[in-house]
Amino acid sequence: MSEEGSVRERALVATGEELLALLHHPAADVLLALLDNPALDETHVCLLLGRKDLPGEVLEEVARRKALLKSYRVKRSLAFHPRAPRLASLRLLRDLYLMDLVQIAILPGVSAELKRNAEEQLLARLPQLPLGQKITLARRGPARVAGALLAEGHAQVISVVLDNAYLTEAQILKALSREKVPPSVVPAIVQHRKWSISYNVRLALVRHPATPLATILSYLSQLTVSDLRELAAPGIVPESLRRYLQAEVQRRTHAGGNATGGATSKDSRASGRE
């Protein structure tokens, strides 16, 4: 019997320190034999899955073994492995706990497909989550989940989600693109130290029917003339507001001032959109 064959035979029956040492063996055949060792337990499998260099056939075999996947720790370790089989990873997302889904959605190095599916799982669970978990998600969740929580408009959640480091301008604009949003959303954005000074957000607030007139008027001098003209076109904003926009355009034109009003150009604003 060859040396590798001998090691493979030992892998089937090894225990204790010998079993632990074999978890680091480079040969896939030896590692596959370990999976048939009756002494192999949940901790051993998780240690094995902690190897970033684990051969693909070993990962595929773990994914096939239902007995191993009865352990949540094993499921989690396999789902988080960077070389885990694609279909197995996608399937395992359904069984992961909330914050493990969050971690997959925000971890660097995770495939875009897996991140997107983790976000979909989180979004699907949102309606059933208690308020405490929504607040936790508002603080740490990925951009799409943060945006969905913002659109829900829970008073206890909004102030937290607007400070979420993963929340993007695109998600703020998506929420403001809805004609009907919960009453607390627009005032919270207007008062927020970060989002209230974004040009694109201010432009969206001017268009939104729930934005107070006093707020809109305070923004007009900072909008470009081209944006003011676009907003003043028929049917964009209420007629009462349209008159203010037209008056601001006329004031700028007659003053012969800077046509941009010191505001950022459209090209520089495009980067915040999805």
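Which parts of segment 220-246 would a label at residue 253 reach, counting a residue when its backbone N lies under 13 Å from a point 7 Å out along Cα-to-Cβ?
225-226, 228-230, 232-233, 245-246
Once label points are set 7 Å from the Cα along Cα→Cβ at both residue 51 and residue 95, what is their separation, rounded to one decimal in nm?
The modelled label-to-label distance comes out at 2.2 nm.
Need one word for segment 179-237: rounded, prolate or oblate. Basis is the Cα gyration tensor (sqrt eigenvalues a ≥ b ≥ c); a/c below 1.5 gives rounded, then a/b vs b/c decides.
oblate
So for 197, 172, what's the accessible-area order with a 1.4 Å probe, most first? All intermediate terms of the calculation are to be shown ahead of the outcome.
On the way: 197 120, 172 0 Å².
Largest accessible area first, the residues go 197, 172.
Taking the full set of protein chains and a 1.4 angstrom probe, give the accessible area of residue 43 in square angstrom, rounded to the nearest 10.
60
Counting other Cβ atoms within 10 Å of each Cβ, which chymotrypsin sites (Phe, Trp or Tyr not before Pro) in segment 34-99 have at most 11 and sit in a DSSP loop?
Here the chymotrypsin sites (Phe, Trp or Tyr not before Pro) that fit, given the DSSP loop and packing criteria, are 97.
At 0.36 nm per residue, and after removing the present C-alpha to C-alpha distance, how many nm does the segment from residue 113 to residue 197 gain when stretched out fully?
Numbers: separation 84, 0.36 × 84 = 30.24 nm, distance 3.32 nm.
Length gained between residue 113 and residue 197: 26.9 nm.
Can you give the net charge of the other residues whose Cβ lies under 13 Å from the Cβ of residue 105, counting K and R as +1 and D and E as -1?
+1
Past 32 Å, Cα to Cα: identify those pairs from 75/194; 70/115; 52/174; 52/194, in the order given.
Correct reply: 75/194; 52/174; 52/194.
Expressed as a whole percentage, what fraction of the accessible surface of segment 104-236 belongs to carbon and sulfur atoms when a 1.4 Å probe is rolled over the protein heavy atoms? The partial results should precede the final answer.
Numbers: 3470 of 6200 Å².
Its accessible area is 56 percent carbon and sulfur atoms.
At 222 nm, what helix-only mean residue ellipticity would the chain give, in deg cm²/dmol to the nearest 500, using -39500 (n - 2.57) for each DSSP H run of four or more?
Working: 19 runs with 168 residues, N = 274.
Calculated mean residue ellipticity at 222 nm is -17000 deg cm²/dmol.
For the chain, what does the accessible surface come to per residue with a 1.4 Å probe? Please give it in Å².
On a per-residue basis, the chain sits at 52 Å².
Sticking with the crude label model, points 7 Å out along Cα→Cβ, report the distance from residue 155 to residue 222 in nm, one decimal please.
Computed distance between label sites residue 155 and residue 222 equals 2.8 nm.
Once the other residues with Cβ under 9 Å from the Cβ of residue 126 are scored (Lys, Arg +1; Asp, Glu -1), what is the net sum? Mind showing how you got there, number by number?
Details: positive: 125, 134; negative: 152.
Once positives and negatives cancel, what remains is +1.
Determine the shape class of the chain: with a ≥ b ≥ c the square roots of the Cα gyration tensor eigenvalues, call it rounded for a/c under 1.5, and otherwise prolate if a/b is greater than b/c, oblate otherwise.
prolate
Could you sort 136, 211 by their accessible area in this structure, using a 1.4 Å probe and putting the largest first?
Correct descending sequence by accessible area is 136, 211.
Excluding residue 163 itself, what net charge comes from residues whose Cβ is under 10 Å from its Cβ, given Lys and Arg +1 and Asp and Glu -1?
Counting the neighbours of residue 163, the net charge comes to +3.
How far, in degrees from 0 to 90, does helix 131-140 lean away from the longest principal axis of the Cα atoms of the chain, to the nearest 10?
Long axis of 131-140 versus the principal axis of the chain: about 90 degrees.
If you stretched the chain out fully between residue 36 and residue 120, how much longer would it get, using 0.36 nm times the residue separation minus the C-alpha to C-alpha distance?
Length gained between residue 36 and residue 120: 26.7 nm.
Let me check something: with ligands and nucleic acids excluded, how do 24, 81 order by accessible area (1.4 Å probe), largest to smallest?
The residues order as 24, 81, largest area first.
The values are calculated or read from the model by the stated rules, or taken from the named source; none is laboratory data. All values reported here derive from a predicted model rather than from experimental measurement. Here Cβ is always computed from backbone atoms with ideal geometry, including for glycine, and neighbour counts include all displayed protein chains. Surface accessibility is based on the protein's heavy atoms, side chains included, excluding ligands, DNA and RNA. Shrake-Rupley method; radii C 1.70, N 1.55, O 1.52, S 1.80 Å.
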